[in-house]
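Down below is the structure, laid out as structure tokens.
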Amino acid sequence: MNASKNPIPARMKGVNRAEICDVNFQEFVRDWNGRADARPAASEAILDGSALDARGFRELFESQLISRHLDLMARVLRVQNKVFYTIGSSGHEGNAMVARLTRHTDPAFLHYRSGGFMAERFRKLPGMDPVMDSALSFAASKEDPASGGRHKVWGSKPLWVLPQTSTIASHLPKAFGTAVAIEQARRIGHKLPIPDDSIAICSFGDASSNHATAQTAFNAAAWTAYQKLPAPVLFVCEDNGIGISVKTPDGWVARNFRNRPDLDYFYADGLDLAAGYGDVQRAVEHCRRTRRPTFLHLRTTRIMGHAGTDFEIEWRSIEELVAVEAGDPLLRSAAIALESGLMSKDEVLALYEDTRKKCFAAAEDADRRPRLSTLQEVMAPLAPYTPSMVKAEAERFDFADKRSAVFGGEAKLPEKQAPKHLAIHINNALHDLFCKYPEALLFGEDVAQKGGVYTVTKGLHKAFGNKRVFNTLLDETIILGLAQGYANMGMLPLPEIQYLAYFHNACDQIRGEASSLQFFSNGQYQNPMVMRIASLGYQRGFGGHFHNDNSITALRDIPGLVVGCPSRGDDAATMLRTLAALAKVDGRVCAFLEPIALYMTKDLYEPGDGAWMTEYPSPDQAMTLGEGRVYGNGDDLVVFTFGNGVPMSLRAVRTLEKKYGWKTRVVDLRWLVPLNEAFIREQAKTAKRILIVDEGRRSAGVGEGIITAVVEGGFGARPFRRVVGADTFTPLAGAAFLVIPSEEEIVAAAETLV
């Protein structure tokens, strides 16, 4: 309604709607004058016809009150800087029914309005305190058992609630992936960390259901069910009719999902525990029994605004607010308690006030607890690295019999063959990893029978079968969602993204989800994976931008991610072993950039010289994280580069050596994240001239990091130049070579240093 036509009364402008909701509840109970039935026994239905017994109702009501008073406490204490988060669960307390009817071993990926769910799930294990744990999280205390004070998240390791921060749909793909992984484990003989008949739970709002990332999860779930493959995911859409200030059209969620094929729809009233419980129960039991993706449309409301900073009175009419507040589910729960005779008015009010006291007492206690106070504390869980254990795991070789059988006998082992090019060595290394790790899975677009666009995965499907090597939808978001799901269930996923440009479609699954999990769970949860990406340019002008993407910065900007980029076959094999070990030992999320243009490269200087083919390193050899490779030992010119830049630079410096008699070094960084700054400084220390060859873009590549390391090391006075790609997308045909570095440019740049 237009504010000018319905001005806000002056007396209403300063009214705190949280206080009104608080007073509403108390007045509703005091003024209740209905007739109460005889007090039901604990095992009797709370109301005639309800599937919910009296004991269950009493506990759910208590969980609802805990959730509500945590919200009220947060609104009061935020102005005192004792609480740092006010997105509340008020109106959504009915999600406690979902928690009651599922198990604490059902992995849960939750919407931020899940206070009721969490309070109820805490009942599943003895000795746990939802009030104090939540208060510690609100207060950003480093004793917060969920995130260690890094964020207000709903999370718990013993309760299998994976901490979730970005709940605008980005968690749906990994929830679906976890459901698929539960079933995949049985097929590959993997021991799950949870019961075999577990389901994955994923809650979100009605507004989020429209997000592209949500839609891709629904589509993948239905696609899976259509093929009669199990995917026991319970999608819980908590429909309150509004997203921040944008209203969802009446009936839209039901219209959009009720008749969607292969996504089984259930509706439940989350505002009425007695009426809604049976419908929630049917949805949960259906999902667990049929192992099909299930959509539970849970009616909720939203009172007290989106968050403490949302002053709804400024943009909603007072009549609308009053109507919304009249639908408060706690009013209905109080009425059920009174109508059933389970509780008297005094008992309801006493429980209400006792819960308030517990929440405020816990908040005051949490405020006195220590908070994160050093950078080291903040970053501790972000990128764990135990070098000795990673080295031991990477070099572990106890699968000789298995690999001999896979390769067809001792004489056919790859290390006994003539030198080969990059693609062959990656393929051999993947075969080795699959022999070493029975829980390893490789999946993506075209990777199975076809063996990938560039045949890099050829033979893996035949050797290890469709249970471990399989094709997916043409959907990078789902590929990376599956990877997270498999990782959650203790497997070792090796997802393939067909081209680096395709990664950008799904970047948030790594940036916002996989790489953030260790940080926001204080190291309790991990998403170990090795993401393979066919990358970079120099495909002789074929394919344009989408097949020649050099946007490496999109990966370098993700905290905690490990990025390796080999330029030759033996490096690729030893790097892959280390990446797998980093995932297994430290739970790291890893990206392996495979230079497409070097896949089949055999020669270096002259056609037929075979100088870029290498022998296959034995399975007990691995590359240390951060370890570079140095070609030559001269100081007249030192070239820092990676990927395609390595053979280009080697050819360029040979020209320079002949022309100027220089002694040169070419430094292949190999590891792009984290950059080994100590190694860079050591190589720069004796250099008379420095050249950086970076096929990334001028404004956003790897070169800036190299320069920073050199300058901060005190070697900035050395003459240096940078040869980089242009700030543009890559065009087709010969025009491609106008925007990416060339050997001629390398030589020319070096000559300016003479």
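The values are calculated or read from the model by the stated rules, or taken from the named source; none is laboratory data. Note that this is a predicted model, so its numbers are computed, not measured. Virtual Cβ from ideal backbone geometry, glycine too; neighbours counted across all protein chains shown.
Values computed for the structure shown
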{"read-out": "Residue match in segment 237-248 (condition: surrounded by fewer than 20 Cβ atoms within 10 Å (Cβ to Cβ) and touching a Leu at 6+ places or on another chain (Cβ under 9 Å))", "value": "no"}
{"read-out": "Filtered residues of segment 123-169 (kept if assigned to a loop (DSSP other than H, G, I, E, B) and small (Gly, Ala, Ser))", "value": "GLY127, ALA139, ALA140, ALA146, SER147, GLY148, GLY149, GLY155, SER166, ALA169"}
{"read-out": "Single residue of VAL456, VAL469 found to be buried (at least 24 other Cβ atoms within 10 Å of the Cβ), closer than 25 Å to ASN427 by Cβ and outside the structural domain of LEU372 (by TED's automatic domain parsing)", "value": "VAL469"}
{"read-out": "Subset tally (residues that are touching a strand residue (DSSP E or B) at 6+ places or on another chain (Cβ under 7 Å) and small (Gly, Ala, Ser)) for segment 557-602", "value": "7"}
{"read-out": "Any hit, segment 312-327, residues being surrounded by fewer than 18 Cβ atoms within 10 Å (Cβ to Cβ) and farther than 24 Å from ASP22 by Cβ", "value": "no"}
{"read-out": "Test: residue in segment 191-203 that is in a loop (DSSP other than H, G, I, E, B), closer than 18 Å to ASN95 by Cα and at pLDDT below 95", "value": "no"}
{"read-out": "Residue match in segment 301-324 (condition: in contact with a Leu (Cβ under 7 Å, 6 or more places away or on another chain), outside any helix (DSSP H, G or I) and β-branched (Val, Ile, Thr))", "value": "yes"}
{"read-out": "Single residue of ASP106, ASP48 found to be assigned by TED's automatic domain parsing to the domain that holds ALA268 and free of Cβ contacts under 8 Å to residues at least 12 places away in the same chain", "value": "ASP48"}
{"read-out": "Sole exception among (1) among the acidic types (Asp, Glu); (2) in contact with a Ser or Thr (Cβ under 8 Å, 6 or more places away or on another chain); (3) under 13 Å from LEU273 (Cβ atoms) for GLU59, by number", "value": "(2)"}
{"read-out": "Residue match in segment 129-149 (condition: within 27 Å of ALA214 (Cα to Cα) and in contact with a strand residue (DSSP E or B) (Cβ under 7 Å, 6 or more places away or on another chain))", "value": "yes"}
{"read-out": "Top-ranked residue of segment 472-486 - restricted to ones that are free of Cβ contacts under 8 Å to residues at least 60 places away in the same chain and closer than 21 Å to ARG588 by Cα, ranked as surrounded by the fewest Cβ atoms within 10 Å (Cβ to Cβ)", "value": "GLU476"}
{"read-out": "Residue within segment 433-451 that is within 18 Å of MET575 (Cα to Cα), assigned by TED's automatic domain parsing to the domain that holds ASP571 and in contact with a Gly (Cβ under 9 Å, 6 or more places away or on another chain) present", "value": "no"}
{"read-out": "Unmet criterion (only one of (1) small (Gly, Ala, Ser); (2) in contact with a strand residue (DSSP E or B) (Cβ under 7 Å, 6 or more places away or on another chain); (3) modelled with pLDDT under 95) for GLY276", "value": "(3)"}
{"read-out": "Test: residue in segment 121-129 that is crowded, with 22+ Cβ neighbours inside 10 Å, assigned by TED's automatic domain parsing to the domain that holds VAL284 and small (Gly, Ala, Ser)", "value": "no"}
{"read-out": "Conditions (1) hydroxyl-bearing (Ser, Thr, Tyr); (2) surrounded by fewer than 15 Cβ atoms within 10 Å (Cβ to Cβ); (3) touching a Lys or Arg at 6+ places or on another chain (Cβ under 9 Å); number of the one not met by SER388", "value": "(3)"}
{"read-out": "Of all residues making up segment 555-587, the number that are closer than 17 Å to LEU536 by Cβ, part of a helix (DSSP H, G or I) and small (Gly, Ala, Ser)", "value": "2"}
{"read-out": "Qualifying residue in segment 598-610 (condition: in a strand (DSSP E or B) and touching a residue at least 24 places away in the same chain (Cβ under 8 Å))", "value": "no"}
{"read-out": "Per-region count, segment 160-174, residues buried (at least 24 other Cβ atoms within 10 Å of the Cβ) and touching a Leu at 6+ places or on another chain (Cβ under 9 Å)", "value": "7"}
{"read-out": "Complete set of residues in segment 702-736 that are on the phi < 0 side of the Ramachandran plot, part of a helix (DSSP H, G or I), surrounded by fewer than 17 Cβ atoms within 10 Å (Cβ to Cβ) and at pLDDT below 90", "value": "GLY734, ALA735"}
{"read-out": "Failed condition for ALA334, given (1) at pLDDT 95 or above; (2) outside any strand (DSSP E or B); (3) under 31 Å from the mean Cα position of the chain (by Cα)", "value": "(3)"}
{"read-out": "Cβ-Cβ under 7 Å pairs, at least 6 apart or on other chains, segment 26-44 side assigned by TED's automatic domain parsing to the domain that holds ALA337 and surrounded by 12 or more Cβ atoms within 10 Å (Cβ to Cβ), far side in a loop (DSSP other than H, G, I, E, B) and not small (Gly, Ala, Ser)", "value": "ARG39/LEU342; PRO40/ILE46; PRO40/LEU342"}
{"read-out": "Flag for GLU695 being in a helix (DSSP H, G or I) and not aliphatic (A, V, I, L, M)", "value": "no"}
{"read-out": "Qualifying residue in segment 513-530 (condition: of a type in the set (Phe, Trp, Tyr), touching a residue at least 40 places away in the same chain (Cβ under 8 Å) and under 26 Å from MET600 (Cα atoms))", "value": "no"}
{"read-out": "Residue in segment 178-196 that is in contact with a helix residue (DSSP H, G or I) (Cβ under 8 Å, 6 or more places away or on another chain), acidic (Asp, Glu) and buried (at least 18 other Cβ atoms within 10 Å of the Cβ) present", "value": "no"}
{"read-out": "Yes/no for LYS584 being among the basic types (Lys, Arg), touching a residue at least 60 places away in the same chain (Cβ under 8 Å) and touching a helix residue (DSSP H, G or I) at 6+ places or on another chain (Cβ under 7 Å)", "value": "yes"}
{"read-out": "Some residue of segment 495-503 being crowded, with 24+ Cβ neighbours inside 10 Å, in contact (Cβ under 8 Å) with a residue 60 or more places away in the chain and under 23 Å from GLU183 (Cα atoms)", "value": "no"}
{"read-out": "Helices (runs of 4 or more DSSP H) completely within segment 350-440 that count 1 or more residues being free of Cβ contacts under 8 Å to residues at least 24 places away in the same chain and not basic (Lys, Arg)", "value": "375-379, 387-395, 400-407"}
{"read-out": "Unmet requirement for VAL79, which otherwise passes all of (1) touching a residue at least 12 places away in the same chain (Cβ under 8 Å); (2) part of a helix (DSSP H, G or I); (3) surrounded by fewer than 22 Cβ atoms within 10 Å (Cβ to Cβ)", "value": "(1)"}
{"read-out": "Yes/no for GLU364 being at pLDDT below 95 and on the phi < 0 side of the Ramachandran plot", "value": "yes"}
